[in-house]
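Heads up: the structure comes next, in structure tokens.
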Amino acid sequence: MNEKFAILGKRPEELRVWLLEQGLPKYAATQLHEWIYVKRVRSFEEMTNISKANRQLLSDRAVLGFTDPVHTARSKDGTVKYLFKTSGGQLVESVYIPEDDRGTLCVSSQVGCKMNCSFCMTGRMGFLGQLSAGEILNQILSIPESTELTNIVFMGMGEPLDNVDEVLRALDVLTSDDGFAWSPKRVTVSTIGVRPGLIRFLEESKCHLAVSLHTAIPEQRLSWMPSEKAWPIEETIQLLKQFDFSKQRRLSFEYIMFKGLNDTPAHAKALVALLKGLDCRVNLIRFHAIPDTPFKTTDEMAVRAFCDYLMSKGLRTTVRKSRGEDIQAACGLLSTQKG
């Protein structure tokens, strides 16, 4: 028996081709996208402007592609972590972060991760598989807070630009008139600097970019992040200087602070030198302890001093507030362990 066609995550042109192959009108693609992404229905039967016969045909030959979370964990600070099962039976996590003026969802793009950064629990899982665009979008559409979301960040499990085809498909749905019709300013994609995917992202999307940096010293970065060997941060910086971040698109650098390792005045000075000439900001992140690691959390006074120095040199800098640490939902902690 042939596997049913999954509609969630398909681009309009792909959907139109498939509909014509089924003997259905191509304008049904517009109807389907409106029902799924605007009206947020979860069954063909609810699509009342499609004939009953065509709804039955769709039901026989296709699936929408929704799956509900299999587990939910709630933090004392209001953060919610959702566990989803993939089509291959594996597990991925997404994290909903409510604030007074916004609701942000941190989504995953892979099962596990190839990058093996030494301070990240997801990296310890190894790489187990890619998520489809539909599985990425399902994380957004299948949580109770779906209609409350104001921002999406691709900062969950995996390296988004190591799955660039499916991530770009998902971004297209999020920002196109045929999909969510969101402004690209509401979406941020994080990367360690996977160059082939980064080039495509910069050329094909207008969403914000966040680069995982963590130290401006290449040798030190290599000791923590094996990807530095393939995609040196200095080359990534030179690539980024070819693009304009002075208008709507924002460029930021993520910098997890490790006590005594990357939080000294010398490291701050090196960071200023590395980012000179870039229109960007730096997000300082408190390290969240993981087992069997030499890393420790920088104390608050040192974080503030580091931030103040960067600001004094003209680098826009923020200290990111930790959320969901008690349910293993904070930065670097996602590993599908139930919180």
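The values are calculated or read from the model by the stated rules, or taken from the named source; none is laboratory data. What you are looking at is a predicted structure, and each value in this text was computed from that prediction instead of being measured. Cβ sites come from the backbone with ideal geometry, for glycine too, and all protein chains shown count toward neighbours.
Quick notes
- Pick from region 175-218, criterion aliphatic (A, V, I, L, M) and farther than 25 Å from Ala273 by Cβ, ranking: nearest to the chain's Cα centre (by Cα): Val189
- Taking the listed residues Ile152, Ile199, the one that is hydrophobic (A, V, I, L, M, F, W, C), touching a helix residue (DSSP H, G or I) at 6+ places or on another chain (Cβ under 8 Å), within 14 Å of Ser108 (Cβ to Cβ) and modelled with pLDDT of 95 or more is Ile152, with no other qualifying.
- Residues that are farther than 19 Å from Pro144 by Cα, touching a residue at least 40 places away in the same chain (Cβ under 8 Å) and touching a Gly at 6+ places or on another chain (Cβ under 8 Å), drawn from region 72-113: Gly88, Ser109, Gln110, Val111, Gly112, Cys113
- Condition met for Ser322 (surrounded by 15 or more Cβ atoms within 10 Å (Cβ to Cβ), of a type in the set (Ser, Thr, Tyr), in contact with a strand residue (DSSP E or B) (Cβ under 7 Å, 6 or more places away or on another chain) and modelled with pLDDT under 95): yes
- Checking each residue in region 47-88 for being part of a strand (DSSP E or B) and of a type in the set (Val, Ile, Thr) picks out Val63, Thr72, Val80.
- Residue selected from region 72-90 under the condition more than 15 Å from Ser132 (Cβ to Cβ) and of a type in the set (A, V, I, L, M, F, W, C), by the criterion surrounded by the fewest Cβ atoms within 10 Å (Cβ to Cβ): Leu83
- Top-ranked residue in region 226-259 [being small (Gly, Ala, Ser) and modelled with pLDDT of 95 or more; ranked as nearest to Arg304 (Cα to Cα)]: Ser252
- All of (1) part of a helix (DSSP H, G or I); (2) out of contact with any Cys (no Cβ under 8 Å at 6 or more places or on another chain); (3) closer than 24 Å to Arg16 by Cβ hold for Ala181 with one exception: (1).
- Residues located in region 24-46, provided they are in contact with a Leu (Cβ under 8 Å, 6 or more places away or on another chain), outside any helix (DSSP H, G or I) and free of Cβ contacts under 8 Å to residues at least 24 places away in the same chain: Pro25, Lys26, Ser43
- Considering region 261-305, the residues that are free of Cβ contacts under 8 Å to residues at least 24 places away in the same chain and within 25 Å of the chain's Cα centre (by Cα) include one that is surrounded by the fewest Cβ atoms within 10 Å (Cβ to Cβ), namely Pro291.
- Filter result (surrounded by 13 or more Cβ atoms within 10 Å (Cβ to Cβ) and within 20 Å of Ser132 (Cα to Cα)) within region 18-56: Trp18, Ala29, Leu32, His33, Ile36, Tyr37, Arg42
- Residue under evaluation Gln238, criteria (1) over 23 Å from Ala170 (Cβ atoms); (2) surrounded by 14 or more Cβ atoms within 10 Å (Cβ to Cβ); (3) not charged (D, E, K, R), criterion not met: (2)
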